[in-house]
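The values are calculated or read from the model by the stated rules, or taken from the named source; none is laboratory data. Everything quoted here is computed from the prediction, not taken from an experiment. For accessibility, only protein heavy atoms count, side chains too; no ligands or nucleic acids. Shrake-Rupley method; radii C 1.70, N 1.55, O 1.52, S 1.80 Å.
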Amino acid sequence: MFEEVPPARRGLAGLRFRRVALGPFAIGGGLALMAIGCPVAVAATVATVFTATSQNGGADQGNLNEFEGMGGNDVIIGNGDTRISYLHATHGVAVDIQAGVSIGDASTGTDSFKGVNNVLGSNFGDTLLGSNNEAGTTEKFEGRGGDDYIDGRGGFDLAIYNHDPAMSSGIHVSLAAGIVQGDATVGTDTLRSVEGVRGTDLADSFDAIGFGAGSPNGGSLGTLNQFEGMGGDDTITGNGNTRLVFFNATSGVTVDLGSGTADGDASVGHDTFSGVNAVIGSDFADTLTARVNADTLTGGNGADTFVFNWSAGSEQ
């Protein structure tokens, strides 16, 4: 199964630093930072070395950590769950996870990195490229403002749209065409080899009809695709191999694949859908109902209720 890690096992918070020896990555006049407490770092506008080590406690944050290098040619040594951020860049950036390189103007410099699986772009037009990440892992991309180009390459990849508080309207996703349209905080993004989308906290529309290996946004996993609507009353049109997930719900959800409805608190809203054959619930008590076809129901950490409408040759 390919899925994003639920929020109870990840997160972000503040960070304390201590200086460490620069070692083999020393850059003249630079600064070395090692995370001691919680995992978010913003560097000065000089060359910086960032190392995410096992000394980073992170509390309930798991292994997730973030680094924003700002100016200078920075070196980032991630732990495999490291996010690099370019939110304060004054121009678009080009980030290539496979090559381990990001390039921008003087506000970002040319950074080199490894152990990174998550990129937060600038508020301008970015080019964000993934890698052939292995089965069971997810690479995540958040383009923010500007018309971004996101190519996940191999493996399961997720485009994220729920973090900008200035957002005033939901997004429209045409997954097969690889087009995501939103307000000025989103722009018009182009997706290639991206299988999953996390929507906004407003009303979104998601259309996966025609998505597959041969579509302009060709998935790496056949026709499998995934959508998490977040808040707002979302409309989802699946392709018959679409999975709905509720990792970020703050209470239990009620999902009926037969009636095509999903209900929860304000973190979910009232969603309507068709062409969906799988659901992954929240970390709370969910009620998940299958149709007469071969649907897949997966609960979270709560005491879940599964309802199967059995008929000859249907559920498995």
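Multiplying the residue separation of ASP263 and HIS88 by 0.36 nm and removing their Cα-Cα distance gives an extension gain of 59.4 nm.
How much of the accessible area of segment 182-291, probe 1.4 Å, is carbon plus sulfur, in whole percent?
Carbon plus sulfur share of accessible area: 54 percent.
Per-residue 3J(HN,Hα) values for segment 178-194, derived from phi via the Karplus relation 6.51 cos²θ - 1.76 cosθ + 1.60 with θ = phi - 60°, read x, 10, 10, 10, x, 7, 5, 6, 10, x, 10, 9, 10, 10, 9, 6, 10 Hz in sequence order (x marks Gly and Pro). Each residue of segment 116-122 was assigned a 3J(HN,Hα) from its phi angle through the Karplus expression (A = 6.51, B = -1.76, C = 1.60, θ = phi - 60°), giving 10, 10, 8, 10, 10, x, 8 Hz with x at Gly and Pro.
Once you order the gyration tensor axes a ≥ b ≥ c over the Cα atoms, which shape class does segment 70-137 get: rounded for a/c under 1.5, otherwise prolate or oblate by comparing a/b with b/c?
prolate
Taken one residue at a time, the phi angles of segment 298-306 give Karplus couplings (6.51, -1.76, 1.60, θ = phi - 60°) of 10, x, x, 8, x, 7, 8, 10, 10 Hz. Gly and Pro are set to x. Computed over protein heavy atoms with a 1.4 angstrom probe, the accessible surface ordering of VAL276, VAL101, largest first, is VAL101, VAL276.
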